[in-house]
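Participant: Can you keep this structure in mind? I'll have questions shortly.
The values are calculated or read from the model by the stated rules, or taken from the named source; none is laboratory data. In this text, all values refer to a predicted model and were calculated from it rather than measured experimentally. Cβ sites come from the backbone with ideal geometry, for glycine too, and all protein chains shown count toward neighbours.
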Amino acid sequence: MLNVENLSFRKGNKTILNKVSFRLRPGEFMAILGSNGAGKSTLIKLITRQQEASSGSIHFRDRELHSYSMEQLSTERSVLTQQLNLAFQFTVEEVVMMGRYPHFKGQAREEDVHAVRKAIHHSELSSYTNRVYNTLSGGEQQRTQIARVFTQLDEGEQTSGKLLLLDEPLNNLDIKHQHEVLHRAIEFAHEGNMVIAVLHDINMATQYADQILMLKKGEQLAYGPVEKVIRQDLLETCYDMPVHIMKHPQYSCPMVCFGSRHHAQAVRIKEQLNNELITIEP
């Protein structure tokens, strides 16, 4: 279990995050929603101990987070951050193998190689194994890093109670791979693990998440099951945009549409102008 209580973070006189609380149980996938500057990435950094909270507490498996050594945590939780730059010419296989470093000393074991190959297969990167990471497209690099964080927590059939944190995992991915990543994340959670993902696509969150934490300017607007948090008043407060909520035509989850008649009118005018453009051939 991950229990966060009244977590706050201040930088100088500015409050970045103010008294955020939630509880995540094994088997649950929580999405963090909010506009830019809401404090989403800061919350991830506090949970991963990249930054120190100003006040509040974080308990992981009924122990205070700081009671764990970083070595202990490295096999119990993994994190995908937004910016992942590599200076050296590592191959895809080598980057994914980095996720196994906490599990061995000096040389990879058979189970490490198996975990890497499994993660590469799930990320549809089998034909890229020997490709240099820096030569890949943005989406291929993202899939490589996602494979790395999954392989870090792979304990074979005994994998459970782990914590996976994904900060904007859908960046640079096409729609097919966006769904595949979140499908894999929810499967991982339902195996008895915990997943937290920062998402900008609200409809992806409503389709895959069990719980939603909604933030605005560092304040917690709502936390709870999807059907209780995805409300017109909360979404309009969070994003400062008109919202319409309907039922998904295929799944029993809400579907969110943003904008108003004025926005739609602006779009139609733009389309009309584009259609009227005259191309002059040389």
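Participant: Every residue in the stretch 116-132 that is surrounded by 22 or more Cβ atoms within 10 Å (Cβ to Cβ), in contact with a Phe, Trp or Tyr (Cβ under 9 Å, 6 or more places away or on another chain) and either of a type in the set (A, V, I, L, M, F, W, C) or in a helix (DSSP H, G or I) (or both), please. Walk me through how you get there before you give the answer.
Facilitator: First pass over the stretch 116-132, keeping only residues surrounded by 22 or more Cβ atoms within 10 Å (Cβ to Cβ): 116, 119-120, 123.
Now restrict to residues that are in contact with a Phe, Trp or Tyr (Cβ under 9 Å, 6 or more places away or on another chain): 119-120, 123.
Correct list: Ala119, Ile120.
Participant: I need a count of the residues in the stretch 32-46 that are of a type outside the set (Lys, Arg) and assigned to a helix (DSSP H, G or I).
Facilitator: Going through the stretch 32-46 one residue at a time, the tally reaches 5.
Participant: Which numbered condition in (1) in a helix (DSSP H, G or I); (2) within 24 Å of His177 (Cα to Cα); (3) modelled with pLDDT under 95 is the only one that Asn275 fails?
Facilitator: Asn275 satisfies every listed condition except (2).
Participant: Go through (1) over 24 Å from His179 (Cβ atoms); (2) of a type in the set (Ser, Thr, Tyr); (3) touching a Ser or Thr at 6+ places or on another chain (Cβ under 7 Å) for Tyr239 and report which single condition fails.
Facilitator: Answer for Tyr239: the failing condition is (1).
Participant: Identify, by number, the condition in (1) within 18 Å of Leu215 (Cα to Cα); (2) exposed (fewer than 15 other Cβ atoms within 10 Å of the Cβ); (3) within 15 Å of the chain's Cα centre (by Cα) that Lys19 doesn't meet.
Facilitator: Unmet for Lys19, out of (1) within 18 Å of Leu215 (Cα to Cα); (2) exposed (fewer than 15 other Cβ atoms within 10 Å of the Cβ); (3) within 15 Å of the chain's Cα centre (by Cα): (3).
Participant: While we're on this one: Condition first: closer than 23 Å to Ser74 by Cα and loosely packed, with under 15 Cβ neighbours inside 10 Å. Now tell me which residues in the stretch 133-155 satisfy that.
Facilitator: Of everything in the stretch 133-155, just one residue is closer than 23 Å to Ser74 by Cα and loosely packed, with under 15 Cβ neighbours inside 10 Å, namely Glu155.
Participant: Would you confirm whether or not the stretch 50-73 contains a residue that is at positive phi and surrounded by 13 or more Cβ atoms within 10 Å (Cβ to Cβ)?
Facilitator: Within the stretch 50-73, one or more residues are at positive phi and surrounded by 13 or more Cβ atoms within 10 Å (Cβ to Cβ).
Participant: Which residues, counting only those in the stretch 210-240, are among the aromatic types (Phe, Trp, Tyr) and either surrounded by 22 or more Cβ atoms within 10 Å (Cβ to Cβ) or assigned to a helix (DSSP H, G or I) (or both)?
Facilitator: Selection gives Tyr239 alone.
Participant: If we keep just the residues of the stretch 82-101 that are at pLDDT below 90 and under 26 Å from Leu43 (Cβ atoms), which is surrounded by the most Cβ atoms within 10 Å (Cβ to Cβ)?
Facilitator: Going through the qualifying residues, I end up with Leu86.
Participant: Being among the polar types (S, T, N, Q) and touching a strand residue (DSSP E or B) at 6+ places or on another chain (Cβ under 7 Å) is the filter; apply it to the stretch 36-66 and report the residue that is nearest to Gln207 (Cα to Cα).
Facilitator: Taking the candidates together, the pick is Ser41.
Participant: Can you find even one residue in the stretch 143-160 that is outside any strand (DSSP E or B), among the polar types (S, T, N, Q) and over 27 Å from Gln211 (Cα atoms)?
Facilitator: Scanning the stretch 143-160, I find no residue that is outside any strand (DSSP E or B), among the polar types (S, T, N, Q) and over 27 Å from Gln211 (Cα atoms), so the answer is no.
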